[in-house]
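Read through the structure below, which is laid out as structure tokens, and then see the notes.
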Amino acid sequence: MDLLAILDEAVAALKAPLGEDDIIQGWTDDLRREVQEEISISRSVLRRHGSGLVRYLRSRLDEWMEGEEIRPGRLQHLVSDVQRRCVDAHSPV
């Protein structure tokens, strides 16, 4: 799956209302919206300007979730996957 497809999936998942498990894991509506917005901006940059700009995306979603004390779960895994794939996309092969 390419990076844009992963970002699309993450944005769609984060637009949906939080489930009970998400709330137990530490997610709030405000945090969900902020993370969704951050990923959406990255997605727009890549769509408009191409994948060559992925190296300039400096999202620190992992640190953000850690600072908010988000526990492992569906959204945490999804957002961590987005972070990892963005880092992998601009790392030399």
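The values are calculated or read from the model by the stated rules, or taken from the named source; none is laboratory data. Model, not experiment: these values are computed from the prediction. No Cβ is skipped: glycine too gets one built from the backbone with ideal geometry, and neighbour counts run over all protein chains shown. Each accessible area value is taken on the protein alone, full model and side chains, heavy atoms only, with ligands, DNA and RNA left out. Shrake-Rupley method; radii C 1.70, N 1.55, O 1.52, S 1.80 Å.
On the stretch given as segment 45-93, residues that are open to solvent by less than 40 Å² (accessible area, probe 1.4 Å), more than 19 Å from LEU18 (Cβ to Cβ) and outside any helix (DSSP H, G or I) total 3. Looking across segment 21-44 at every residue that is out of contact with any Gly (no Cβ under 6 Å at 6 or more places or on another chain) and outside any helix (DSSP H, G or I), the one that is least open to solvent (accessible area, probe 1.4 Å) is identified as TRP27. The residues on offer are GLU34, GLU38, and the sole one that is out of contact with any strand residue (DSSP E or B) (no Cβ under 7 Å at 6 or more places or on another chain) and more than 17 Å from ASP81 (Cβ to Cβ) is GLU34. Scan segment 72-90 and tell me whether some residue there is in contact with a Lys or Arg (Cβ under 6 Å, 6 or more places away or on another chain) and modelled with pLDDT under 90. Yes, the conditions are met somewhere in segment 72-90.
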